[in-house]
Amino acid sequence: MRTQVGIIGAGPAGLLLSHLLHLRGIESVVLELRSREHVERRVRAGVLEQGTVDTLVASGVGDRLLREGLVHQGIELRYGGAGHRIAFDRLVPGRSVTVYGQQEVVKDLIAARLAVGGDVRFEVRDVALHGLDTASPSITFEGGRLDCDVIAGCDGFHGVSRPSVPAGALTEFSRDYPFAWLGVLAQVKPSASELIYARTERGFALHSMRSPEISRFYLQVPAGEPLESWPDERVWAELKTRLETVPGFTLATGEILEKSVTPMRSFVVEPMRYGRLFLAGDAAHIVPPTGAKGMNLAVSDVRVLTEALAAFFGEGETGLLDGYSDACLRRVWRAQHFSWWMTTLLHTFESDDAYGTRLQTSHLDYVTSSEAAATTLAENYVGM
Ligand code: APR
Ligand code: PHB
């Protein structure tokens, strides 16, 4: 088989890339390890920056997003017995975020690719990359081989693309956190109209949502926490303890539909390219979810890569491809800093002594009382 761009991974990065390339008349094949059902059911984050929404709408995959997505004009920071609204509508007028689950984006993109006969293959085992430093790289997999001009590694943090690059060609930057997030999806009407980021002495909690009937929650738990330690009753009790900290707020409970533990990590690889292999999304960088940046970064990488590939296949121009990594990394590092900053602002760290806790409170007081500091949070949250 032959194609122009061989894409590994059918997450938001790989699928959107395949879709945008198709609109530019560039052929691709997407090779995904898991089943279609699996990727469409996988519950992930759900906050889209305006730029992400614009990209999806402009490329014709935004109809359901515009119908079902929830536009949010602010978030609440809750600590010390009070809630403080960070008002995007006032601090960064005209900019907002939209709450719409990542797996809904994935469903919409798969439907769009298949509707025009796009080649997206699921349950493809033993993917291996070859000839990355030549002009004709290829991908082999169980029962097949794909020759291409360029390979896009969109296979997430645990994929095969990044490890296929010879040792020493890439530099990794990372930070691990001593905690994880227990994520919970529940059949219950959200107890608030905007997201609540809560810092308590027992740890962080987040109240998010997916629809008027479905709520999404996260709890800071120790790194490596087994899911079995969190029966549903304990989840609700802990969410109530961490969220019912302001007068008059009661958390509604309901049936828990899904539960999982996600480790927290910051990671960047530089450059995001080796020869004819271009890394995009989680394959190149991950952020702790506190800043809600993961999917937005994936979309922004893919936007840059699409322009570069259009110039390459259209005019034989390699300048944009050569600039791909630098162009992405500026935004990637801004999101790295913001995500680390939100994480340290809101989580409890075992290493924190009384001094550290006072610093964190002072930091929160500053962000919630200074127009300048609140604007810093707001403009990063809605997207730079
Ligand atoms: N062969 C083929 N596909 C693979 C392989 C492999 N060896 N390894 C992983 N994959 C697939 C995964 O099954 C997954 O469907 O690559 C896809 C990568 O998708 P994502 O992990 O969703 O990554 P990305 O598309 O970059 O999107 C980033 O995902 O993890 C979240 O918070 C993150 O929102 C961000 C978004
Ligand atoms: C989510 O709804 O899944 C979500 C929201 C905000 C975050 C992270 C995840 O910061």
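Any read-out appearing in this document is the output of simple, stated calculations on the displayed coordinates, not a laboratory observation. Since this is a predicted model, take the numbers as computed values, not measurements. Ideal geometry is used to build each Cβ from the backbone, glycine not excepted, and the neighbour counts take in all protein chains shown.
Annotations
- Whichever lysines have a C-alpha closer than 26 Å to that of LYS107, once near sequence neighbours (fewer than 8 apart) are set aside: LYS189, LYS259, LYS293
- Look at the dipole of region 185-323 built from charges on Cβ: of THR245, VAL302, SER211, the Cα furthest out on the positive end belongs to THR245.
- Nearest 10 degrees, 0 to 90: helix 371-382 Cα axis against the chain principal axis: 40 degrees
- Once the chain from HIS363 to SER174 is taken as fully extended at 0.36 nm per residue, the excess over their C-alpha distance is 65.6 nm.
- Separation of region 97-130 and region 136-206, taken as the distance between their Cα centroids, equals 15 angstrom.
- Per-residue Cβ neighbour rank within 10 angstrom, fewest leading, LEU33, LEU23: LEU23, LEU33
- The average projected area of the chain, computed from the convex hull of its Cα atoms over all directions, is 19.1 nm².
- As a rough footprinting exposure proxy, the listed residues MET342, MET272, MET384, MET264 were ranked by other beta carbons within 10 Å of their own, and the order from fewest upward is MET384, MET264, MET342, MET272.
- Between region 1-50 and region 280-348, the alpha-carbon center distance in angstrom: 16 Å
- Between ALA373 and GLU201, residue separation times 0.36 nm minus the direct Cα-Cα distance comes to 59.6 nm.
- Whole-Hz couplings from phi, Karplus 6.51/-1.76/1.60, listed for region 237-246; x for Gly and Pro: 4, 6, 4, 5, 4, 7, 9, 7, 10, 10
- Förster radius 56 Å - calculated FRET efficiency between ALA87 and GLU40, Cβ distance, rounded to 0.05: 0.95
- For THR318 and ALA167, the difference between the fully extended length at 0.36 nm per residue and the C-alpha to C-alpha distance is 51.9 nm.
- Per-residue ³J(HN,Hα) for region 162-172, Karplus 6.51 cos²θ - 1.76 cosθ + 1.60, θ = phi - 60°, Hz, x for Gly and Pro: 4, x, 7, 7, x, 3, x, 7, 10, 10, 9
- Sites GLU142 and GLU307 - FRET efficiency at Förster radius 25 Å, r taken between beta-carbons, to 0.05: 0.15
- Per-residue 3J(HN,Hα) values for region 109-126, derived from phi via the Karplus relation 6.51 cos²θ - 1.76 cosθ + 1.60 with θ = phi - 60°, read 6, 4, 4, 5, 5, 5, 4, 10, x, x, 9, 10, 10, 9, 6, 9, 9, 6 Hz in sequence order (x marks Gly and Pro).
- Between amide H atoms placed 1.01 Å from N, distances below 5 Å from GLY118 occur with no residue 5 or more places distant or on a separate chain.
- The local environment of ARG242, defined by Cβ-Cβ distances under 11 Å, has a net charge of +1 under the rule Lys, Arg +1 and Asp, Glu -1.
- Helical contribution to [θ] at 222 nm, DSSP H n ≥ 4, -39,500 (n - 2.57), averaged over the chain, rounded to 500: -11500 deg cm²/dmol
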